[in-house]
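Where a number appears in this text, it was derived from the coordinates with a stated rule and is not lab data. These figures come from a predicted structure and were not determined experimentally. Cβ placement follows ideal geometry from the backbone for every residue including glycine, while neighbour counts extend to all protein chains displayed.
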Amino acid sequence: MEEQEVQYSFRIAGLITRYMNNSLDPLQQEELMQWINDDPANESLFKKLNSRDGRDHYLNGLNSFPAVNALVRVKDRIHGTSKVLKMRRRKQKWVYASVAAVLLLISIASWFVVENKTNDDELRYATESISPGRTVATLTLSNGKKITLDSIANGRFAEQSGVSISKTKDGNLVYQFSEQRTGVDNDQFNSIETPKGGTYQINLPDGTKVWLNAASLLRFPVRFSQKERRVELAGEGYFEVAKDKSRPFFVKNNTQEVKVLGTHFNINGYSDNTFVQTTLIEGSVQVSSFQEASDIEHVVLRPGQQSELNSGNFIVKPANIQEVMAWKNGNFLFDAMELSNILKQLNRWYNINVDYSGVPNLRLTGYISRNESLYRVLQMLEITANVKFKVQNKVLKTSIKK
């Protein structure tokens, strides 16, 4: 329930900032008015944000950025070390609410600053042809045939091994049994790959749902075997695994394997990162390492925990679920994240090359929709840190403000 509350807070932040920008449509206007009327505290906050004194208060706070420091202090006080801590649910809820409140104010204040900031015409012109990512992927069938999914009509378009493959009106890829077969028949494999600037959802024949982030690939059998279900992942994917106690579900990448029976989890294993992160939302998973230097062969996660495999070493720590799930929910959420890792996300989503040679060693916090232009995202980052961005020949460069 906590995650839903946080996501709702983020949505309200977006509605308020769009109100300030005079860009609300009628339905959004109605939703915002309902939120204002639901609670006197909501109405009070909204009025403060619309007053000059209120704006100045939040702008001054953003310029000194105490919100980031407060957020880091909250995390340090609760998390302590990277060891697994047992937190009561009430305490967890307080942490999530605190983080949501801080990020809500950062989001709103960021929009105030961006709207009042002198336009950087050079940066705007250099990025105006760069669009945010969209729902696009390529499906490769077992016979090698490639299908660009955004170019085909909705409905059923292929069948393999008694499994029909169709595309829904929402743009999802769905595998369904068209006939029942006995025995093992899992020698045919398909793969779905998203490019940079792409994302896609696929429903596997067993009912498992998978969301792929940009620049990711999922390889899977058309029919799972009778004993187990195995897929391979490159990049990042969020899984909602259908429960089947008789057939465990395995997700493998180059460095690790995750074993589950039925659960929700996210794996971030991009090749340009030095680590692989597995975050458990619901259920239980076992994460095993393939690396010879691993000091621990496997770890078992509980909901709200994250394992990080780096150079053969496992670290288990409390997870920031909102940050992990932001991409699936259509947002960027940076929680004291290293600037270099933020730029990697922009590289994948906007399909822009990044020069990492001049990237300062900074950690930033911010929240913004992935549907926003690259220009607006870069503006948000510029106002939260002493950095300056420039795009030359479709290469994003970073420097310290002088």
> If you plug each phi of region 156-165 into the Karplus form 6.51 cos²θ - 1.76 cosθ + 1.60 with θ = phi - 60°, what whole-Hz ³J(HN,Hα) values come out, in order, with x for Gly and Pro?
Replying inline: 6, 9, 7, 8, 9, 6, x, 10, 8, 10
> Simple spin-label model, 7 Å along Cα-to-Cβ: Gln34 to Val395 in nm?
Replying inline: 5.0 nm
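How far, in nm, would the chain grow between Glu179 and Gln226 when pulled straight, counting 0.36 nm per residue and subtracting the alpha carbon separation?
Details: separation 47, 0.36 × 47 = 16.92 nm, distance 1.58 nm.
Fully extending the segment from Glu179 to Gln226 adds 15.3 nm.
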> Within region 165-269, which GluC sites (Glu not before Pro) sit in a loop by DSSP and count at most 12 neighbouring Cβ atoms inside 10 Å?
Replying inline: Glu179
>> Check which residues have an amide H placed less than 5 Å from Ser369's amide H, if you skip close sequence neighbours.
In response: Phe332
>> Just to check I understand the Karplus step: with θ = phi - 60° and J = 6.51 cos²θ - 1.76 cosθ + 1.60, what whole-Hz values come out for region 387-402, glycine and proline as x?
In response: 10, 9, 10, 8, 10, 10, 6, 6, 10, 7, 10, 10, 8, 7, 5, 9
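Once the Cβ-Cβ distance between Lys245 and Ser151 is put in as r, and R0 is 60 Å, what FRET efficiency do you end up with, to the nearest 0.05? Don't jump to the answer; show the numbers that get you there.
Values: r = 40 Å, r/R0 = 0.66.
It comes out at approximately 0.90.
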>> Starting from the 7 Å offset along Cα-to-Cβ, what nm value, one decimal, do you get for the label separation of Arg376 and Asn361?
In response: 3.4 nm
> What spacing in nm lies between the two simple spin-label points modelled at Glu43 and Asn22, each 7 Å away from Cα in the Cβ direction?
Replying inline: 2.7 nm
>> Within a 10 angstrom radius of the beta carbon, how do Phe265, Phe275 rank from fewest other beta carbons to most?
In response: Phe275, Phe265
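What's the FRET efficiency of Ser340 with Arg219 using the Cβ-Cβ distance as r and R₀ = 30 Å, to the nearest 0.05? Present the calculation step by step, with values, prior to reporting the outcome.
Working: r = 29 Å, r/R0 = 0.96.
Approximately 0.55, to the nearest 0.05.
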> Exactly which trypsin sites (Lys or Arg not before Pro) in region 221-307 are in a DSSP loop and have at most 14 other Cβ atoms within 10 Å?
Replying inline: Lys227, Lys243, Lys245
> Using modelled backbone amide H atoms (1.01 Å from N, in-plane), which distant-in-sequence or interchain residues come within less than 5 Å of Ala158's amide H?
Replying inline: Ile165
